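Take a look at the structure set out below.
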Number of protein chains: 2
Amino acid sequence: MGALRLPCLTSIFAVSSASLFPRCRNNHLNVRKLSSTAKVEVAPVQEQAITPHSQDFNAWYLDVISMAELADYGPVRGTMVIRPYGYAIWEAIQDYLNIKFKETGHSNMYFPQFIPYSFIEKEASHVEGFSPELALVTVGGGKELEEKLVVRPTSETIVNHMFTQWIQSYRDLPLMINQWANVTRWEMRTKPFIRTLEFLWQEGHTAHATSEEAEREAMQMIDVYTKFAYEQAAIPVIPGRKSRVETFAGADRTYTIEAMMGDRKALQAGTSHNLGQNFSRAFGTQFADENGQRQHVWQTSWAISTRFVGGIIMTHGDDAGLMLPPRLASIQVVIVPIWKKANEKDEVLDAALSVKDVLHTAGIKVKLDDSDQRTPGWKFNFWEMKGVPLRIEIGPHDVSSRSVVISRRDIPGKPGKVFGISMEDPVLVPYVKEKLNEIQSSLLDKAIAFRDSNIVDVSSYDELKEVISQAKWARGPWVGSDEDELKVKEETGATIRCFPFDQPQGPKTCLMTGSPAEEVAIFAKSY
Amino acid sequence: MGALRLPCLTSIFAVSSASLFPRCRNNHLNVRKLSSTAKVEVAPVQEQAITPHSQDFNAWYLDVISMAELADYGPVRGTMVIRPYGYAIWEAIQDYLNIKFKETGHSNMYFPQFIPYSFIEKEASHVEGFSPELALVTVGGGKELEEKLVVRPTSETIVNHMFTQWIQSYRDLPLMINQWANVTRWEMRTKPFIRTLEFLWQEGHTAHATSEEAEREAMQMIDVYTKFAYEQAAIPVIPGRKSRVETFAGADRTYTIEAMMGDRKALQAGTSHNLGQNFSRAFGTQFADENGQRQHVWQTSWAISTRFVGGIIMTHGDDAGLMLPPRLASIQVVIVPIWKKANEKDEVLDAALSVKDVLHTAGIKVKLDDSDQRTPGWKFNFWEMKGVPLRIEIGPHDVSSRSVVISRRDIPGKPGKVFGISMEDPVLVPYVKEKLNEIQSSLLDKAIAFRDSNIVDVSSYDELKEVISQAKWARGPWVGSDEDELKVKEETGATIRCFPFDQPQGPKTCLMTGSPAEEVAIFAKSY
């Protein structure tokens, strides 16, 4: 087992410099859960500082994941254990999307994860895209299997195998389903949440009678994702269409939401594919139309994964650690009671408990950190590092004046701190709700400003190269060939993230070829 | 692909006679989703009758699963596709238990499904129990792996690997987590929901500082399961302790809830294990106690799976098909509008829609079947087969009298039908809610009566054999050895299902050995 217990996240998800190794050793020894009964002193978390955001973004990211206890590495290289505080973010994502999927007419179901190898080979571009990263089960119940099984990297093939049996006539359409599942892709370069060997996702699969209906569905779902990103995660994604080169293996068209991370790299945060008839032809998924003619169905698939959690961390986090948008935070408000003398403790804790009850009853997710083990200062840092949007402090003076001090996570120091807010229900509850809404909006506004100040319009390949070399996003007219696109990737490291739906008006000239162009594309380096 | 498209569930989950094959061919062609726009006639579902319950219980079970569209077979032998109507039952189970787990202090998280083979070998009885049914990944990303990976059959080993890193001192305890996940066991004899190669479950894992605390936790969780079974699923399970022979591979004690199915076979419907220090010793999971002494943690694990859905089907179903307890039904009330003349249709549909809205607003899960394609009689049979607890009929006469006809699924024919219930909100809503509660109680009462009339107290092995040969459960005092227990299994096909918590008073004499016994055990054939 010794060989498997690698020293820290940085080493297993190796991307950055070797100098990180000593720093993160024993991280998990120092950031401990707080307990109300403990007596022994523990090394303060401050000793284990997070690498500054600006100094080394990757090290910062791994530090935040480790110290905020979002995830840990699994024993198998490239796998990840999602810890409760990180999983709670995924649950919040699930809760929102699950309702939206049902509202838009989809039912949840579950397909087996083992897919006969022969299925993967049926759709030509699909097998080309996925075969390098498959995990294969070759032994079951002690015996070598006759046909090796693929651990699903995605489910289009098995879905179509079943759809072929369930769909007979146009009356069976549309067929609109979703599943929440784990998927496996044998990635060589992994990074927690962003790219792991196994990850969690939802995958929607639909079948329609017409091409137009499938297109409408694919667009509807990218719209659901866009709204989710803006309204819940406060991430101002750019929705658009992927280039041919970047289109999903087996799709006619892929729509995407692209998010700008704190290091200005792009993150593909969700995709929706118009699969056309590619899988229905490969699997013979046909229906009898109203005239009794057999036709192949038109399909879509769409997915958001635990990668999105990484996107939240890398959009909003700062040098102090994680910063969670209130709508996805499992703890929206933390209460830190402050006392010095023993005789102050009871009245302060009583007041803190009553504030907790008031907020809890109002539907606010609140935690009281009443541990004896840590100083208030330590707790302030700890819960800031954990990204809790609002902190309420209650000391002996506050108890006498029946008021509290409220600090915003998104505005550091004194400017984010307000004194003397009444702890009475009719004042406190609306105040806290308003502040949470303000933080939610403010995170989005800040992310929009950051995004917009880092997208530069370019009209030539030289300009594009210059912008990419500054680690920004370049936006310019494009009708280049696949080869042109691959050349950009090779020479600059940037890819076409999307042709955004939101297109500037007026005539355009391709930045690469000089030909008239219909659309601008966004180029960026990406995760 | 042809070879994989087996004709019906009966063939792939082969348990019963070959005579089932022709009957279930093309099942999925006949039970179609209803559509409100279709014009073409479809073969009536009645042609495809369900095998009577009493004639062949297994065929009945497979017919119900197929015709009610609960599940279908996957392309890999022994795997199952859980269809939306079946998955909705699992979602209802999840919704309830997820809240209970959190109320009892557990957090959700997620562990990777790939476990290094060496982990499985660490706990001696664990490897013995699980190695015959493992699926192994031997190839990843096109390369033969150095160490083969187990696709989790359960997660104790990987959980302990992580717990060892997270737990340092008593302040880190108790550590109480749960995950919702898929697991794989290479079963040879499979049956949808009951025993499949891959299934869905939740697995709770906890670590404690003392043996007593672990025991309390194991008991607490079997109690959560028992309450769930009684109150939500209307299944009067018998909670108790497993015999040594039947204890989980790696546990000190296994608690179980045992349910009696319609054929009087027992179903182990949920288990909770006191793992003692078996895994903590194997994985070195230690904590420093208050005196700074290193000790191994005391652990539990507990699980309920999609098998429970099979238990619901086999507890309540009858010759007409599925019967769902209202609290777990995704459709609690179906409205069937009835009209003959075209001029009646609009007013009937208007009334049906308004009744639907009233019930929906009151939080009742209601469906309006307004299809033109089927007769009311067909719809009655169809929704009875799907197990919907209540049916509301609305015809032209009802519209004039502003009333509806209500039929209970659990009371067939006229005795279950009530005419002239006002369709006004203040009357209808409480009436429907009351009826749903009555059905919920009535299903439980019926199942209790069935269970109790099929458990026979025995005082000798001859009596036990007689009772088991009548396909009943035998209850008798037991202090037999493991060998005695295995002899009973060999000679009668029955196993000790549990030593029930609810024990009769007074002195007892072991039915097998004649020695004084402390407890009675329940013997039965089981799934």
Self-check item: Exercise: per-residue mean of other protein chain Cβ atoms within 10 Å, B:110-122
Solution: 6
Quiz item: In Å², rounded to the nearest 100, what is the total accessible surface buried by chains A and B against each other with a 1.4 Å probe?
Solution: 6300
Quiz prompt | Shielding score for B:157-163, defined as the mean number of other chain Cβ atoms within 10 Å | solution = 3
Quiz item: In segment B:390-442, which trypsin sites (Lys or Arg not before Pro) fall in coil by DSSP and have 16 or fewer other Cβ atoms within 10 Å?
Solution: B:ARG402
Practice problem: Once you have the Kirkwood Rh of the protein assembly as shown from its Cα pairs, apply Stokes-Einstein at 25 °C and 0.890 mPa s and quote D in µm²/s. | Solution: 78
Quiz item: In degrees, nearest 10, range 0 to 90: what is the angle between the Cα axis of helix A:482-492 and the longest Cα principal axis of chain A?
Solution: 30
Quiz item: Which whole-number percent gives the relative contact order of segment B:390-469, counting Cα pairs below 8 Å spaced six or more residues apart?
Solution: 19
Quiz prompt | Tensor-based shape of segment A:364-420 (alpha-carbon gyration tensor, a/c under 1.5 rounded, otherwise prolate or oblate) | solution = oblate
Exercise. State which entries of B:LYS148/B:LYS487; B:LYS122/B:LYS191; A:LYS191/A:LYS386; B:LYS433/B:LYS525; A:LYS102/A:LYS525 exceed 26 angstrom in Cα-Cα distance in the structure shown.
Key: B:LYS148/B:LYS487; B:LYS122/B:LYS191; B:LYS433/B:LYS525; A:LYS102/A:LYS525
Exercise. Filter the GluC sites (Glu not before Pro) in segment A:327-433 to those in DSSP coil with at most 14 other Cβ atoms within 10 Å of their Cβ, and list the result.
Key: A:GLU424
Practice problem: With the cut-off at 16 Å, report for segment B:316-419 the share of all Cα pairs above it, as a whole percent. | Solution: 56
Practice problem: Sort segment B:69-221 into rounded, prolate or oblate with this rule: let a ≥ b ≥ c be the square roots of the eigenvalues of the Cα gyration tensor; rounded if a/c is under 1.5, and if a/c is not under 1.5, prolate when a/b is larger than b/c, oblate otherwise. | Solution: oblate
Quiz item: Of the heavy-atom accessible surface of segment B:203-244 (probe 1.4 angstrom), what whole percent is carbon and sulfur?
Solution: 52
Quiz item: At A:PRO516, label 7 Å along Cα→Cβ: distances to the other copies, nm, ascending?
Solution: 10.4
Quiz item: To one decimal in nm, how far is B:ASP457 from the same spot in the other copies, if labels go 7 Å from Cα toward Cβ? Please give the shortest first.
Solution: 9.1
Quiz item: Roughly what angle does helix A:84-103 make with the longest principal axis of chain A, taking Cα atoms, 0 to 90 degrees, to the nearest 10?
Solution: 50
Exercise. Please report, in whole Å, how far the alpha carbons of segment B:179-218 spread along each principal axis, starting with the longest.
Key: 39, 18, 14
Exercise. Quick one: pull the percent of accessible area on segment A:51-98 belonging to carbon and sulfur, 1.4 Å probe, ligands and nucleic acids left out.
Key: 46
Quiz item: Mean projection of the alpha-carbon convex hull of segment B:287-343 over all orientations, in nm²?
Solution: 9.0
Quiz item: What does the average come to when, for each residue of peptide A:174-184, you count the partner chain Cβ atoms lying within 10 Å of its Cβ?
Solution: 2
Quiz item: Solvent-accessible area per residue for the protein assembly as shown at a 1.4 Å probe radius, Å²?
Solution: 38
Quiz item: So what is the calculated 222 nm ellipticity per residue for chain A, using -39500 (n - 2.57) for each DSSP H run with n of 4 or more, over all residues, to the nearest 500 deg cm²/dmol?
Solution: -10500 deg cm²/dmol
Practice problem: Express the relative contact order of segment B:60-135 as a whole percentage, based on alpha carbon pairs under 8 Å and six or more residues apart in sequence. | Solution: 14
Quiz item: For chain B, what's the relative contact order in percent, using C-alpha pairs closer than 8 Å and at least 6 residues apart?
Solution: 13
Exercise. For chain A, find the longest principal axis of its Cα atoms and tell me its angle to the long axis of helix A:376-385, 0 to 90°, nearest 10.
Key: 10
Exercise. Largest first and to the nearest Å, give the Cα extent of chain A along each principal axis.
Key: 84, 60, 51
Practice problem: Could you pull the copy-to-copy label distances for B:LYS341, with points set 7 Å along Cα to Cβ, in nm to one decimal and sorted shortest first? | Solution: 9.1
Quiz item: Given q = 0.11, 0.21 Å⁻¹, what are the Debye log10 I(q)/I(0) values for segment B:380-527, with equal point scatterers placed on the Cα positions and solvent ignored?
Solution: -0.61, -1.20
Quiz item: How large, in percent, is the carbon and sulfur part of the accessible surface of segment B:347-429 at a probe radius of 1.4 Å?
Solution: 56
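The values are calculated or read from the model by the stated rules, or taken from the named source; none is laboratory data. Predicted, not measured: the structure shown is a model, and the values here were computed from it. Neighbour counts are summed over all protein chains in view; Cβ atoms, including those assigned to glycine, are modelled from backbone coordinates with ideal geometry. The area values use the complete protein model at the heavy-atom level, side chains included, leaving out ligands, DNA and RNA. Shrake-Rupley method; radii C 1.70, N 1.55, O 1.52, S 1.80 Å.
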